[in-house]
Amino acid sequence: MEKNIVLDIKHLTVTFEVEGDVIEAVNDVSLTVREGETLGLVGETGAGKTTTALAALRLVPDPPGIIKSGEIFVCGHDIMKAKTKELEKIRGEEISMIFQDPMTSLNPVYTVGQQIAESIILHQGLSKSEAMKKAGDMLEIVGIPRSRVNEYPHQFSGGMKQRVVIAIALACNPKMLIADEPTTALDVTIQAQVLDLMKNLKEKYGTGTIMITHDLGIVAESCDRVAVMYAGSIVEEGTLEEVFNDTKHPYTEGLFNSLPNIGDYDTKLKPIPGLMPDPSKLPKGCAFAERCQYATEACREKKPETRSFSDTHFVKCTAYDDPGFHIERKVVFDE
Amino acid sequence: MSDVILDVRHLKKYFSTPKGMLHAVDDVSFTIERGKTLGVVGESGCGKSTTGRSILRLINPTAGEVFFEGQDITKLTEREMRSKRKEMQIIFQDPFSSLDPRQTVLQAISEPLKFNKIMTNRYDLEDRTLQLMRTVGLAERLINTYPHELDGGRRQRIGIARALSLNPKFIVCDEPVSALDVSIQAQILNLLEKLQDEMGLTYMFITHDLAVVNHFADDIAVMYLGQLVEKASAREIFSHTLHPYSKALLSAIPMPDTRKKQERIILKGEISSPVEPKDECRFAKRCPFATEACWAKSPELKQVEPNHFVACHNYDKI
């Protein structure tokens with residue numbers, strides 16, 4: 001039986017209007033996440049990953065941000081139609097977010113216990129002392145001794161702060177979790193601890209997760225499906241296997257070619273030339289055409305349409321109009 | 001006979017804190033050969049940037065010697081050192097905060113030339129700036145723009161042009177690509193590699209990203225809590241890792257590959273405090289292989305194979 005869909009975003013378009021310029025941050029993005037599944041959302045700075053995530057909680061700052069169109073369902077709740085009261089109930093209880101920087105997302109004047117207990121009191125109606133007890137339980141789940149529940153954020157190291165943030169996000173057992181670069185600010189050995197923890201918690205509670213990251217290594221480690229974003233659009237989406245080993249979009253190929261590989265000493269890196277286009281001046285054709293080695297006249301003229309290579313693998317690229325087209329990247333496995 | 005350009009001996013940098021002396025860099029020794037790259041890796045707080053800055057005497061080391069082309073630069077006066085820095089430059093991590101927001105590209109790149117009175121004529125300065133901009137791949141039309149108008153990759157190119165303006169022999173690259181997106185990161189790495197080939201530059205490349213140094217460095221030094229724990233050629237360190245910390249560090253890198261499922265060594269705990277450390281192995285607290293000996297005495301860095309140094313009591317038993 002198919003697992004329940006916990007997050008369903010349909011044709012989301014978000015713009016920011018700044019000083020007369022219209023910045024198209026997210027253009028017609030659709031994605032779904034099922035229970036217990038992790039979707040990796042990959043892309044460079046400014047690709048619209050975080051804005052997509054914020055929209056799912058209706059946290060896009062307005063003004064200047066406007067959700068132009070689209071529908072968002074979290075566990076069946078229609079987020080776009082929900083009133084503020086209802087939204088407050090959904091956030092934290094059904095859907096939670098882990099922010100990138102644990103150094104700034106905690107309140108320095110409250111103890112970590114109080115910060116975890118806050119959402120428990122709000123959503124589960126427990127008394128203060130019960131909530132503090134539950135906060136201690138949460139700390140233990142993320143691997144911090146219960147005795148530290150009355151300490152302040154500055155007494156914790158970066159990795160521990162991020163665990164506290166995870167404990168806050170998971171305090172009410174949400175069905176959907178959005179993790180926005182949860183380990184970018186951490187060192188690799190600490191990152192390994194935190195990713196390991198998130199994986200265990202996902203298996204235990206069956207939370208659906210969107211993992212926003214720019215690190216393809218993290219995606220390979222922790223995600224079931226991958227969506228690659230470029231200039232506000234999802235250009236390739238598929239299972240981990242499909243996107244990594246049967247790459248179709250030239251941008252995804254470029255990302256892989258830019259990565260230095262461990263154990264490979266001779267291959268020169270092949271960066272993607274140029275820069276991402278200014279999101280207030282997107283070209284009329286494919287946004288990647290300027291930097292794409294395969295781009296044709298047709299790519300510059302019309303927006304690419306979504307085409308599917310399997311039930312789960314979708315690519316937006318006009319070059320595939322030519323039935324003989326394929327990208328250069330081949331994944332070779334040495335056994 | 002190898003041509004050693006930089007020879008660092010027993011470098012120490014301690015900072016005084018209310019709780020005692022913080023041993024940021026504690027007895028670090030290494031050499032770099034001319035035209036080569038030494039990658040220095042480690043986690044935040046391990047003293048890698050402090051080492052880089054102490055070598056250039058941007059902060060004065062507490063003890064130890066730094067020989068640059070045979071001359072002990074820790075003995076130079078401030079004035080002599082200032083002129084020495086023409087040959088020793090640094091590229092900083094954050095291209096967003098290392099440039100003066102009120103300087104144009106022209107002013108930023110030509111400032112070192114003016115400051116050292118190498119050129120004073122406005123036209124010469126502009127010529128040299130344009131030449132440097134071409135070298136690092138900045139379009140000439142950007143000469144009068146301000147940093148806020150440029151993206152991270154271009155700003156980092158300005159930082160590189162500034163470092164190159166005095167024709168240095170040696171450059172400390174302090175996490176030069178950490179703040180950049182992967183596609184831009186690859187552009188900058190290729191540029192640094194090209195400049196090294198063309199100008200015979202020597203790099204000390206400080207980073208926390210092992211994949212980057214693996215690609216870029218000839219030798220790699222791994223630091224932990226102010227000390228060097230392992231040093232070897234890049235190939236050797238990846239294929240034949242000896243120190244348990246280096247092993248954990250290598251296994252922790254997430255690989256962008258779906259088929260290579262590696263055995264991950266998850267370290268317990270976090271880096272302990274570098275304030276007044278005891279005479280014991282600083283990694284012992286997190287090390288799965290720690291024995292009596294590790295708590296009794298801090299291990300010394302020993303050469304165990306040609307050009308492979310390790311500081312561990314039990315490296316041959318694990």
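The values are calculated or read from the model by the stated rules, or taken from the named source; none is laboratory data. Everything numeric in this text was worked out from a predicted model, so none of it was measured. Methodologically, a virtual Cβ is constructed for each residue, glycine included, from the backbone with ideal geometry; neighbour enumeration extends over all protein chains shown.
Laid out as a table, the results:
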quantity	calculated
Check on A:Val6, closer than 25 Å to A:Ala167 by Cβ, of a type in the set (A, V, I, L, M) and either touching a Cys at 6+ places or on another chain (Cβ under 9 Å) or at pLDDT 85 or above (or both)	yes
Filtered residue count, the range B:145-177, keeping only those that are more than 24 Å from B:Glu198 (Cα to Cα) and within 14 Å of another protein chain (Cβ to nearest Cβ)	4
Which listed residue, of B:Leu192, B:Leu225, is away from chain A (no Cβ under 12 Å) and surrounded by fewer than 24 Cβ atoms within 10 Å (Cβ to Cβ)	B:Leu225
Residue check, B:Gln156 touching a helix residue (DSSP H, G or I) at 6+ places or on another chain (Cβ under 7 Å), surrounded by 15 or more Cβ atoms within 10 Å (Cβ to Cβ), polar (S, T, N, Q) and assigned to a helix (DSSP H, G or I)	yes
Test: residue in the range A:95-114 that is buried (at least 19 other Cβ atoms within 10 Å of the Cβ) and either farther than 30 Å from A:Val14 by Cα or free of Cβ contacts under 8 Å to residues at least 12 places away in the same chain (or both)	yes
Sole residue being among the hydroxyl-bearing types (Ser, Thr, Tyr) and within 16 Å of the chain's Cα centre (by Cα), chosen from B:Ser178, B:Ser183, B:Ser165	B:Ser178
Helices (runs of 4 or more DSSP H) contained entirely in the range B:31-144, each with at least 1 residues that are under 23 Å from the mean Cα position of the chain (by Cα) and within 14 Å of another protein chain (Cβ to nearest Cβ)	B:48-55
Residue that is nearest to the other protein chains (Cβ to nearest Cβ), among those in the range A:235-274 that are surrounded by fewer than 22 Cβ atoms within 10 Å (Cβ to Cβ) and of a type in the set (Phe, Trp, Tyr)	A:Phe244
Candidates A:Leu197, A:Leu186, A:Leu201, filtered to the one that is more than 26 Å from A:Tyr251 (Cβ to Cβ), within 12 Å of chain B (Cβ to nearest Cβ) and part of a helix (DSSP H, G or I)	A:Leu197
Residues (touching a His at 6+ places or on another chain (Cβ under 8 Å) and among the charged types (D, E, K, R)) located in the range B:150-206	B:Glu175, B:Asp181
Of residues in the range A:126-176 being of a type in the set (A, V, I, L, M, F, W, C), touching a Gly at 6+ places or on another chain (Cβ under 8 Å) and in a helix (DSSP H, G or I), the one farthest from A:Lys199 (Cα to Cα)	A:Met132
Which numbered condition B:Lys75 fails, given (1) buried (at least 21 other Cβ atoms within 10 Å of the Cβ); (2) closer than 30 Å to B:Leu113 by Cβ; (3) of a type outside the set (A, V, I, L, M, F, W, C); (4) out of contact with any Asp or Glu (no Cβ under 7 Å at 6 or more places or on another chain)	(1)
The range A:275-323: number of residues that are surrounded by fewer than 16 Cβ atoms within 10 Å (Cβ to Cβ) and in contact with a Phe, Trp or Tyr (Cβ under 8 Å, 6 or more places away or on another chain)	3
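So that you can scan it fast, the table gives a plain yes or no per residue for (1) among the small types (Gly, Ala, Ser); (2) at the interface with chain A (Cβ under 10 Å from one of its Cβ atoms); (3) in a loop (DSSP other than H, G, I, E, B); (4) without any contact (Cβ under 8 Å) to a residue 24 or more places away in the chain:
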site: B:Ala221; (1), (2), (3), (4): yes, no, no, no
site: B:Glu230; (1), (2), (3), (4): no, no, no, no
site: B:Arg235; (1), (2), (3), (4): no, yes, no, yes
site: B:Leu242; (1), (2), (3), (4): no, no, yes, no
site: B:Tyr245; (1), (2), (3), (4): no, yes, no, no
site: B:Leu250; (1), (2), (3), (4): no, yes, no, no
site: B:Ile253; (1), (2), (3), (4): no, yes, yes, no
site: B:Pro256; (1), (2), (3), (4): no, yes, yes, yes
